[in-house]
Amino acid sequence: MFAAASLPVLIAALGFGYLLGSIPFGLVLTRSAGLGDIRAIGSGNIGATNVLRTGNRKLAAATLLLDGLKGTAAVLIAGMFDPAAALAAGFGAFLGHVFPVWLGFRGGKGVATFLGILVAIHWPTFLVCAAIWIAMAYAFRFSSLAALTASITTPVILFVAGLGWPTVAVVAAMTVLLVAKHHENIGRLLAGTESRIGAKSEKPPG
């Protein structure tokens, strides 16, 4: 797939995706609502998880949706020109969300954007991953564990579905970064201190 596009096209797509993905919707929405700088609240994260800590569920839902849509949009727009450019733009959008240059490279954990990209790349795999998330969340009551399990299985599902090594490799790279961004959650899971779904401190992924 990547051979179908020239290096300049791939670089342009990556840059386009990065700029789109780096739009900090959580920060923009909370500031617009007069809630101040989301980075000064809770974990300091710009994703929906931390936005929910403001107590505004509508803003958290809007952040989750917009963070997902920017990943979807990056893939679909670039895909109008070349399939390989679509993958590059999707990866760029993920990098932009996780490492936005405007915010000192401190962004969100990437769950919503990851899912948005997956919807555009292969929606059946998205549905399978959503089912895995729901099953894990129901069985173990850990939102972070559910998100990690669903994301880790995604490259395998894509490979089995026959999407090809470029798609699998790009999604696998995003999965590694997503897991790395959840290192604190992983530590709490191992220590037995992670909050369960339904607990007062529990928040949805963002």
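A compact table of results
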| quantity | calculated |
| --- | --- |
| Cβ pairs under 6 Å, 6+ apart, first in segment 179-197 and farther than 19 Å from V98 by Cβ and polar (S, T, N, Q), second part of a loop (DSSP other than H, G, I, E, B) and open to solvent by 50 Å² or more (accessible area, probe 1.4 Å) | S195/S201 |
| Output for segment 108-138, where each listed residue is surrounded by fewer than 24 Cβ atoms within 10 Å (Cβ to Cβ) and in contact (Cβ under 8 Å) with a residue 60 or more places away in the chain | A137 |
| Count - residues of segment 35-47 that are crowded, with 22+ Cβ neighbours inside 10 Å and among the aliphatic types (A, V, I, L, M) | 2 |
| Residue that is open to solvent by 10 Å² or more (accessible area, probe 1.4 Å), in contact with a Phe, Trp or Tyr (Cβ under 8 Å, 6 or more places away or on another chain) and under 22 Å from A130 (Cβ atoms), where the choices are L14, L66 | L66 |
| Evaluation of S32 against (1) at pLDDT below 90; (2) open to solvent by 30 Å² or more (accessible area, probe 1.4 Å); (3) within 13 Å of the chain's Cα centre (by Cα) (one fails), failing number | (3) |
| Some residue of segment 140-149 being more than 25 Å from I11 (Cα to Cα), crowded, with 16+ Cβ neighbours inside 10 Å and under 12 Å from the mean Cα position of the chain (by Cα) | yes |
| Segment 154-166, subset open to solvent by less than 40 Å² (accessible area, probe 1.4 Å) and at pLDDT 95 or above, residue nearest to the chain's Cα centre (by Cα) | T154 |
| Count of residues meeting criterion [out of contact with any Phe, Trp or Tyr (no Cβ under 8 Å at 6 or more places or on another chain), farther than 14 Å from P166 by Cβ and either crowded, with 18+ Cβ neighbours inside 10 Å or of a type in the set (K, R) (or both)] in segment 77-104 | 3 |
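The values are calculated or read from the model by the stated rules, or taken from the named source; none is laboratory data. As the structure is a prediction and not an experimental result, all values here were calculated from the model. Using ideal geometry, Cβ is built from the backbone for each residue, glycine included, and neighbour counts are taken over all protein chains shown. Side chains are part of the model used for accessible areas, which takes the heavy atoms of the whole protein and leaves out ligands, DNA and RNA. Shrake-Rupley method; radii C 1.70, N 1.55, O 1.52, S 1.80 Å.
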